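Following: one structure in structure tokens, then a few remarks.
The values are calculated or read from the model by the stated rules, or taken from the named source; none is laboratory data. Only a predicted model underlies this, so the values are computations on that prediction, with no experimental measurement involved. A quick note on method: Cβ atoms are made from the backbone with ideal geometry, for glycine too, and the neighbour counts reach across all protein chains shown. Accessible surface is based on the protein model in full, side chains and every heavy atom, while ligands, DNA and RNA are left aside. Shrake-Rupley method; radii C 1.70, N 1.55, O 1.52, S 1.80 Å.
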Amino acid sequence: MNDLFLRACRGEAVERTPVWMMRQAGRYLAEYRAVRAKADFLTLCKTPELAAEVTVQPVDLVGVDAAIIFADILLPLEAMGAELRFVQGDGPVFPDPVRRAEDLGRLRRADVDATLGYVFDALRVTRRELAGRVPLIGFAGTPWTLAAYLVEGGTSKQFTHLLEWSYRDAAGLRRLLDLIAEVTVDYLLGQVAAGAQALQLFDTWGGLLSAERWREVAAPSLVRVLEAVRQGAPGVPLIYYVHGGAHLLEASAELPVEVLSVDWRMPLSEVRRRVGTQRVLQGNLDPAVLLGPIADVEARTEAMLRDGAGGGHVANLGHGIFKQTDPDHARAFVAAVKRLSPALRGA
Ligand code: CP3
């Protein structure tokens with residue numbers, strides 16, 4: 001079993017830096033597009049054999065050291081009763097957004113086995129197909145980031161509905177975040193029972209908030225999730241990813257997680273100075289680097305590895321891989337980490 005990724009997450013000394021990529025199963029791979037041609041995105045998520053197939057693709061085709069289950073952070077909101085559509089070109093849409101306390105009656109505490117069992121089935125099939133080649137990561141969105149989509153009704157530039165609610169009726173919004181948190185605990189523990197070996201929490205919109213407001217509004221429900229999962233699934237590494245969150249580093253270093261996953265806006269060495277050496281860092285190559293020439297991909301990957309060598313490190317991109325990426329450039333990134341990191345560890 002290649003458990004390099006799990007050992008690195010736990011902060012153990014490793015022979016080289018493990019590497020995987022956010023959104024590694026996706027449209028930049030022709031093999032993904034071929035499967036996707038047969039099924040729309042939600043059907044793909046809900047068909048365990050197909051979800052498992054695309055989950056394993058980047059392990060075979062790109063050589064990553066971990067698989068992440070093919071699903072979406074928004075699926076639990078659908079399970080809670082919110083209608084969810086993926087519209088070609090527009091991304092996710094919630095036609096009936098939840099914007100005030102009175103709307104909470106439309107949501108329920110989902111029974112995750114009944115409503116999200118297809119994700120658990122996909123995890124079981126994937127573990128069987130991986131046969132120990134690499135560990136399998138499960139995931140969820142943070143309550144704040146899920147609320148951002150549900151309240152806005154989809155992606156947004158300014159998140160005015162969400163921010164308005166947070167100032168107008170903080171207690172009402174807290175009820176939404178707590179309800180999402182309860183379902184998320186069951187969902188993540190269900191993923192571990194079905195075979196997930198590490199868990200990543202995606203906080204794509206945590207960076208909207210100042211550190212003070214993040215502590216006040218977003219962190220309590222997130223901490224509840226992390227503590228409950230830590231208790232229910234001891235020993236499973238927890239990863240917190242925040243996008244645009246350089247100003248949240250000191251605050252996020254207080255979270256009960258092994259790994260902090262950061263975007264490219266701040267060098268890993270500076271992140272390390274801010275959060276200390278207790279946390280393993282994951283990241284943080286700018287995904288746009290993979291759009292440039294391979295020689296540049298290699299040089300910038302080497303620079304990132306040198307910069308991250310002062311402590312535990314899992315190599316990754318700073319956000320999801322772009323669908324325009326040439327798979328050869330993704331392979332060059334992964335190969336560069338494997339080739340260069342043994343000599344750079346502890347450099
Ligand atoms: O390979 C993997 O990383 C595993 C699968 C995965 C997907 N989404 C598949 C997906 C994961 C971990 C996610 C997380 C996710 N989903 C996040 C957090 C990470 C981030 O990007 O900040 C968010 C915000 C979402 C919500 C979401 N899903 C959006 C905004 C979109 C539309 C944007 C886009 O890229 O098209 C999706 C769709 C989506 N999720 C796709 C994939 C492969 C593209 C769907 C397709 O094939 O048409």
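Details
- Taking the criterion of being surrounded by fewer than 20 Cβ atoms within 10 Å (Cβ to Cβ) and under 21 Å from the mean Cα position of the chain (by Cα), the residues of the stretch 3-29 that qualify are D3, R7, R10, G11, R23, R27.
- Residue check, G89 of a type in the set (G, A, S), without any contact (Cβ under 8 Å) to a residue 12 or more places away in the chain and within 12 Å of the ligand (Cβ to nearest atom): yes
- Qualifying residue in the stretch 123-135 (condition: crowded, with 22+ Cβ neighbours inside 10 Å, away from the ligand (no atom under 14 Å from the Cβ) and in a loop (DSSP other than H, G, I, E, B)): yes
- Within the stretch 234-347, strands (runs of 3 or more DSSP E) holding 3 or more residues that are without any contact (Cβ under 8 Å) to a residue 40 or more places away in the chain: 280-285
- Filtered by the rule that a residue be more than 21 Å from E152 (Cβ to Cβ) and within 16 Å of the ligand (Cβ to nearest atom), the stretch 92-120 gives L116, Y118, V119, F120.
- Residues of the stretch 315-331 satisfying the condition of being more than 11 Å from the ligand (Cβ to nearest atom) and open to solvent by 20 Å² or more (accessible area, probe 1.4 Å): Q324, D326, P327, D328, H329, R331
- Residue, farthest from the chain's Cα centre (by Cα), within the stretch 314-342, restricted to residues that are over 27 Å from Y240 (Cβ atoms) and charged (D, E, K, R): R339
- Scan of the stretch 30-54 for residues that are open to solvent by less than 60 Å² (accessible area, probe 1.4 Å), assigned to a loop (DSSP other than H, G, I, E, B) and within 10 Å of the ligand (Cβ to nearest atom), ordered by number: A39
- Check on Y187, more than 17 Å from the chain's Cα centre (by Cα) and in a helix (DSSP H, G or I): no
- Any chance A309 is open to solvent by less than 10 Å² (accessible area, probe 1.4 Å) and within 14 Å of the ligand (Cβ to nearest atom): no
- A140 falls short of the stated requirement of being over 15 Å from the mean Cα position of the chain (by Cα), within 20 Å of V236 (Cβ to Cβ), surrounded by 23 or more Cβ atoms within 10 Å (Cβ to Cβ) and in contact (Cβ under 8 Å) with a residue 24 or more places away in the chain.
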